Amino acid sequence: MKTAVEELSPTRVRLTVEVPFEELGESLQAAYKKVAQQVRVPGFRPGKVPARIIEQRFGRAVVLEETLNDAVPKLYGRAVDESDIFPVSQPEIEVTKIEDGQQVEFTAEVDVRPGFDVPDYQGIEVTVPVSEVSDKDIDEQLDGLRQRFATLTGVERPAASGDFVVMDLAAAIDGANIEEQQANDVSYEVGAGSVLQGLDDALAGLSAGETKEFTTNLVGGENAGEEAVVTITVKSVKEKVLPELDDEFAQLASEFDTLDELKASISETARRNKLIDQVVQARENALDALLGKIDIPLPESALKVEVDNRKHNLEHQIADSGLSKEAYFRLYQTTEEERLAEFDESAAKALKTGFVLDKIVKSEDLGVSEQELTNFVVRRAMQMNVAPNTLAQHLADNDQLTLAMVEIVRDKAKTVVGDAAKVVDEAGNEVDLKAIYTEINGEEVSEEAAEAVETDKADEVEVAK
């Protein structure tokens, strides 16, 4: 087999593949067997029709077509491997020559990862947040605990922002009640920012037993987006009462006997999380700095796939929320146009990041051990609240184990870049990442630690030795 590569653009190539006919022998025999199973010839059992009879009755072209259907995808794969290109889209294949018994030729146009060099990332300068814990940090953690242990107490006054009300709601269009828009005994925090515009304003100042109407656009159901008159009846008003910050609260909210012990524990946990956050930020910032040094043309087909995946996920999120599109974007304080613009930007960055990290994986000869893959599956299973064996089987059945391994080695490549950086904090102090690893009794800050910090679950992080 002979392959020629023609560069059509920095991100697209055409492979021209010439194959001697004798290399099609295995596919040719498979084609005869397949055709023999499909045709019916008097005097022969299915699958037992001789090749010469098949050609006499149905023509050689039928066999050649089946032969090429089987052979060309395999030959394309071989051509890709031998040509040292990295396809990022499905190929457009055209058989351009068939010389029966002599030679077959086909072309394959495909988008590819562009060629580029990764600059030296040793000593890239990055800045991370300071690791010192302030009184404000401790107070915020304590306030969060107090909120968790707050109680609701009924009050004989009009509702104000921060109060909780229990209410009945009913919506009507042109005087006709909408059955699916009726709800009783709904608990709601005034001022929380309901997707039902006007609700907070209507509730403010209402006392138990009072009713009020307001006009708004419905946010869900068959009448989503239509203007309706909503009637609310407040049944009770309760205010949130926070517990006092004292030793009794410390005993209630933790395993500690005194408030000072609780504060000390919060301070230590916050400091540890800030150290981990420094590692996470160092990796992210170093990679961003490296990306800023590289200009890579992006294949349009691959970029479109990235954007379309994001749009598809968004459509599912909106559908699952039960909200109208307008209400959904209002809930997240954005617009459809802003979100789509974010998709264009994030998709381009994700694609570029993948290309760069893959280069580093290859240059650093990074791989995935069986234990690393197991850890990855266990971690993902915990996040998805499924059994690890169930997730592992799902990944295997859907050919997604390779994708999992790609994610693992890319994360390792990001670590390589971060560890090679020169890191200082916002106060100008040098940050020694290796010293942080040692202090938190681990050789490497694990991916689950990074994810926990990034999702504000820093108190749950684990450090993998």
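The values are calculated or read from the model by the stated rules, or taken from the named source; none is laboratory data. As the structure is a prediction and not an experimental result, all values here were calculated from the model. So basically every Cβ, Gly included, is an ideal-geometry build from the backbone, and we count neighbours across all protein chains shown. Surface accessibility is based on the protein's heavy atoms, side chains included, excluding ligands, DNA and RNA. Shrake-Rupley method; radii C 1.70, N 1.55, O 1.52, S 1.80 Å.
Would you check if residue 240 is among the basic types (Lys, Arg) and in contact with an Asp or Glu (Cβ under 9 Å, 6 or more places away or on another chain)?
Working: among the basic types (Lys, Arg): yes; in contact with an Asp or Glu (Cβ under 9 Å, 6 or more places away or on another chain): yes.
Taking the combined requirement at face value, the residue satisfies it.
For segment 322-368, enumerate the residues that are open to solvent by 50 Å² or more (accessible area, probe 1.4 Å), polar (S, T, N, Q) and without any contact (Cβ under 8 Å) to a residue 24 or more places away in the chain.
Residues of segment 322-368 that are open to solvent by 50 Å² or more (accessible area, probe 1.4 Å), as a first pass: 325-326, 330-333, 335-338, 340-342, 344-345, 349, 359, 362-365.
Checking which are polar (S, T, N, Q) leaves us with 333, 335, 363.
Hits for segment 322-368 are 333, 335.
List the strands (runs of 3 or more DSSP E) inside segment 51-143, counting only whole elements, that have at least 3 residues being under 28 Å from residue 352 (Cα atoms). Spell out the reasoning first.
On the way: elements: 92-99, 103-111, 125-128.
In segment 51-143, the matching strands (runs of 3 or more DSSP E) lie at 103-111, 125-128.
Is it the case, given these coordinates, that residue 275 is in contact with a Ser or Thr (Cβ under 6 Å, 6 or more places away or on another chain) and either touching a residue at least 60 places away in the same chain (Cβ under 8 Å) or hydroxyl-bearing (Ser, Thr, Tyr) (or both)? Don't jump to the end; show me each part of the working.
Numbers: in contact with a Ser or Thr (Cβ under 6 Å, 6 or more places away or on another chain): yes; either touching a residue at least 60 places away in the same chain (Cβ under 8 Å) or hydroxyl-bearing (Ser, Thr, Tyr) (or both): yes.
Considered against the rule, which asks whether it is in contact with a Ser or Thr (Cβ under 6 Å, 6 or more places away or on another chain) and either touching a residue at least 60 places away in the same chain (Cβ under 8 Å) or hydroxyl-bearing (Ser, Thr, Tyr) (or both), residue 275 comes out as yes.
Please verify whether residue 415 is open to solvent by 50 Å² or more (accessible area, probe 1.4 Å), modelled with pLDDT under 95 and either on the phi > 0 side of the Ramachandran plot or under 22 Å from the mean Cα position of the chain (by Cα) (or both), treating the condition exactly as stated.
Working: open to solvent by 50 Å² or more (accessible area, probe 1.4 Å): no; modelled with pLDDT under 95: yes; either on the phi > 0 side of the Ramachandran plot or under 22 Å from the mean Cα position of the chain (by Cα) (or both): yes.
The answer is no for residue 415.
Look through 234, 241 and report the one residue that is surrounded by 14 or more Cβ atoms within 10 Å (Cβ to Cβ) and either at pLDDT below 95 or farther than 21 Å from residue 320 by Cα (or both). Outline the logic, then answer.
Values: 241 fails: surrounded by 14 or more Cβ atoms within 10 Å (Cβ to Cβ).
Testing whether each residue is surrounded by 14 or more Cβ atoms within 10 Å (Cβ to Cβ) and either at pLDDT below 95 or farther than 21 Å from residue 320 by Cα (or both) leaves just 234.
Mind counting the residues in segment 365-384 that are under 18 Å from residue 396 (Cβ atoms), part of a loop (DSSP other than H, G, I, E, B) and not hydrophobic (A, V, I, L, M, F, W, C)?
Looking only at that region, the number is 1.
Is it true that some residue in segment 83-93 is of a type outside the set (Val, Ile, Thr) and within 30 Å of residue 426 (Cβ to Cβ)?
In the first step, residues of segment 83-93 are kept if they are of a type outside the set (Val, Ile, Thr); the result is 83-84, 86-87, 89-92.
Those still in the list that are within 30 Å of residue 426 (Cβ to Cβ) too: none.
Scanning segment 83-93 turns up no residue that is of a type outside the set (Val, Ile, Thr) and within 30 Å of residue 426 (Cβ to Cβ).
Among the listed residues 202, 160, 171, identify the single one that is part of a helix (DSSP H, G or I) and modelled with pLDDT of 90 or more.
Just one listed residue meets the conditions, 202.
Among residues belonging to segment 369-379 that are of a type outside the set (S, T, N, Q) and under 20 Å from residue 283 (Cβ atoms), point out the one that is most open to solvent (accessible area, probe 1.4 Å).
From segment 369-379, those of a type outside the set (S, T, N, Q) are 370, 372-373, 376-379; that's our starting set.
Next, from what is left, pick out any that are under 20 Å from residue 283 (Cβ atoms): 372, 376, 379.
Values: 372: 62, 376: 12, 379: 32 Å².
That would be 372.
Every residue in segment 211-228 that is surrounded by 14 or more Cβ atoms within 10 Å (Cβ to Cβ), more than 38 Å from the chain's Cα centre (by Cα) and not basic (Lys, Arg), please.
Within segment 211-228, 214 is the sole residue that qualifies.
Of all residues in segment 174-195, which are open to solvent by 30 Å² or more (accessible area, probe 1.4 Å) and more than 22 Å from residue 157 (Cβ to Cβ)?
Those that are open to solvent by 30 Å² or more (accessible area, probe 1.4 Å) and more than 22 Å from residue 157 (Cβ to Cβ): 174, 175, 176, 177, 179, 180, 181, 182, 183, 184, 193.
Working only within segment 131-155, note down all residues that are closer than 30 Å to residue 419 by Cα and surrounded by 16 or more Cβ atoms within 10 Å (Cβ to Cβ).
Of everything in segment 131-155, those that are closer than 30 Å to residue 419 by Cα and surrounded by 16 or more Cβ atoms within 10 Å (Cβ to Cβ) turn out to be 131, 133, 137, 138.
Applying the selection to segment 63-112, what residues are open to solvent by 50 Å² or more (accessible area, probe 1.4 Å) and among the aliphatic types (A, V, I, L, M)?
93, 95, 98
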